[in-house]
Amino acid sequence: MIQIIRRLFRSAWQSFIRNGWLSIATIVIMALSIFIFSGVLLFNTASRLAIKTIEDKVDISIYFLSDTPEEDIFKIQEQIKSLTYVSDASYVSSQQALETFTELRQSDPLIAKALQEIGENPLSASLNIKTNKVTDYDALATYIQEAPFKDKLISVDFSQNQKVISRLGNLTRGLSVGSLFLNLILALVAVVVSFNTIRMAIYALREEISIMKLSGASNWFIRGPFVINGILCGVIAAVSVLIILIPLVLWLHPKVSAFMPGFNLNAYFFGHIFVMLGWQLLFGAVLGAVSSVLAVTKYLKV
Amino acid sequence: MSLIHFKNVSKIYNTVVGPLTVLDNVSFEIGAGEFVSLVGKSGAGKSTLLRSLIAELAPSKGKVFFDEKDVHKMKHRDLCLLRRRIGMIFQDFKLLPDKTAFENVAFAMEVAGYSDKKIREDVPEVIKLVGLSDKMANFPVQLSAGEKQRIAIARALIQRPDIIVADEPTGNLDPINSWDIIKLLVKINELGTAVILATHVKEIINTIDKRVISLDKGRIIRDEERGKYLI
Ligand SMILES: Nc1ncnc2c1ncn2[C@@H]1O[C@H](COP(=O)(O)OP(=O)(O)O)[C@@H](O)[C@H]1O
Ligand SMILES: [Mg+2]
């Protein structure tokens, strides 16, 4: 048994080395497939994460006139919280607002000086409201516009968020349908292309398969090395893709951060690197093995 | 008891111009240790006959027995075992191009599950028998046609088959190499292995002076104990 396994591996390794160009071509094609596969995977999670981060960031702030008593604001807070689509409404007093503001701009002496000159706190108390779903913001906006406490407000800060919000809603919906579709197509293309490459590699060796058959080799004795070879190509391809991805991610990281502030590509990628490698190896190995079995079987009928 | 028994074997191909009878009701028997030449013009059906012996193709009618067993009713496992008992030699050698001479011969033993130790012992022995000890590490492209055919013979011999089946083994060889190969086959036969030699070369048959089966248009027209090529 050990002898058979050793022979299988030796034979697989020999044909891998001696058909060097064929092996390299197969690896390159499979690497491309795995690259697409992991790119799709990464893009999917990244976009889902990014949307979630932005969703958490999207909120509506309402600012109260400075003479509004805190009790009134608390009542309004309760009213808003009782709305079914609101997940949170947090109160920020004018004092707190000032503290955050000065803290953020501590290093700027000009602003500190300006504040001193004004003498009193120029910032107003506010409620920061979040909804359960991005799509509920329209309802919330309408509610605030028609609310009885409207005359107590200085401003409602949602106009600049509005566009982002509605765009995000569309994007979320579009992405989940679109990316699923795109993923399926890309994965399919990757599988078909890899399968065909392996099939061609084995087609080139069909004569040898029939010679082996006529020497009395059993079907699995012939398939074995091809299958191991296919797996080997898949594994090498998977590892090369990961090696290519590392500098790519490092290079992309600042660009992604600028584009989607909440999303840390580096942390995500390196935090999931082994899961990622696992999927790539599995994808490569299964693709290689299944393609080989299917391709060889065609020439085993002699 | 015969080693090989063809019983009313016919092979008919359906071609675009209608059915083509390539073997027509062929019957004969070959005993263990016999030397039989199978002669006939090109296209007479020699290769078709030999390929139906190793179940590479199935006859349209009739039966082929090897050691009393119907080769076309065999399970996968039995068919593998059958092919290990028949050493095939072809006009185009059919060596595995990415294996060395040694590995090509060793492959036939690996297939049968021999140990590496046994392989290391036996393979050089058989390669020596065909006179190529100094070329064991060569790949097929590094061998001449005659050398390739001798390695193919070594591969056929290594499994200690009951019979060597050679289909036009000299077809790609010059006369001197041809004679060497024929002498080798005769020598193998003298050591006890049966041989079927398919050829269309008159001179070869007439000097061997053994049994000759003559095939013409798929039919056996003569089967003589000490035959000549008469077509
Ligand atoms: N697959 C096939 N389809 C149709 N005709 C075939 C096929 N294979 C062989 N033949 C025909 O069978 C005949 C016998 O071929 P073959 O057995 O190779 O002859 P030989 O070996 O005696 O030269 C030839 O006429 C050949 O054209
Ligand atoms: Mg022929």
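Numbers for the structure displayed
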| quantity | calculated |
| --- | --- |
| Computed E for B:Thr21/A:Trp279 - FRET, C-beta separation, R0 60 angstrom, nearest 0.05 | 0.55 |
| The stretch B:1-44-the stretch B:139-178 distance, computed between alpha-carbon centres (Å) | 23 Å |
| Label-point gap, in nm, between A:Ala25 and A:Ala112 - each point 7 angstrom along Cα→Cβ | 7.1 nm |
| Spin-label zone in the stretch B:156-186 - amide nitrogen under 11 Å from a point set 7 Å from the Cα of B:Lys128 along the C-beta vector | none |
| Theoretical gain in end-to-end length, B:Lys75 to B:Lys61 [0.36 nm per residue, Cα-Cα removed] | 3.1 nm |
| Sites A:Phe259 and A:Phe181 - FRET efficiency at Förster radius 22 Å, r taken between beta-carbons, to 0.05 | 0.40 |
| Vicinal HN-Hα couplings computed from phi for the stretch A:245-250 (Karplus, 6.51 cos²θ - 1.76 cosθ + 1.60; Hz; Gly/Pro x) | 5, 4, x, 4, 5, 4 |
| Farthest toward positive dipole pole in the stretch A:60-157 [+1 Lys/Arg, -1 Asp/Glu at C-beta], among A:Ala97, A:Leu123, A:Thr142 | A:Thr142 |
| Percentage relative contact order, the stretch B:1-131, counting C-alpha pairs under 8 Å, at least six apart | 22 percent |
| Percentage relative contact order, chain A, counting C-alpha pairs under 8 Å, at least six apart | 30 percent |
| Residue order, fewest to most surrounding Cβ atoms within 10 angstrom, among B:Glu190, B:Glu103 | B:Glu190, B:Glu103 |
| Simple spin-label estimate for B:Val141 and A:Ser87 in nanometres, 7 Å along Cα-Cβ | 6.5 nm |
| Under-5 Å amide H pairs with B:Val22, H placed in peptide plane, nonlocal only | B:Lys11, B:Ile12, B:Tyr13 |
| Qualifying lysines (Cα of each under 20 Å from Cα of B:Lys99; at least 8 residues distant if same chain) | A:Lys213, B:Lys117, B:Lys118, B:Lys128, B:Lys135, B:Lys148 |
| Length gained when the stretch A:Glu78-A:Glu103 is fully extended (0.36 nm per residue, less Cα-Cα span) | 6.1 nm |
| Inter-part distance where the stretch B:64-106 and the stretch A:1-54 are each reduced to a Cα centre, Å | 35 Å |
| Neighbour-count order for A:Met30, B:Met1, A:Met276, fewest beta carbons within 10 angstrom listed first | B:Met1, A:Met276, A:Met30 |
| Inter-site label distance for B:Arg160 and A:Leu294 at 7 Å from Cα along Cβ, in nm | 4.5 nm |
| Calculated over the protein assembly as shown: convex hull of Cα atoms, volume per residue (Å³) | 231 Å³ |
| In sequence order, calculated HN-Hα J values of the stretch B:208-214 (Karplus, 6.51, -1.76, 1.60; Hz; x Gly/Pro) | 5, 6, 10, 4, 10, 9, 9 |
| Net dipole in debye of chain A [+1 Lys, Arg Cβ; -1 Asp, Glu Cβ; about Cα centre; nearest 20] | 2860 debye |
| Coarse-grained scattering of chain A at q = 0.11 Å⁻¹, given as base-10 log I(q)/I(0) from a Debye sum over alpha-carbon atoms | -0.81 |
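Taken together, the values in this text are just the output of simple stated rules run on the coordinates, not laboratory data. Please read these numbers as outputs of a predicted model, since none were measured by experiment. Cβ coordinates were reconstructed from backbone atoms using ideal geometry, including for glycine residues, and neighbour counts include every protein chain displayed.
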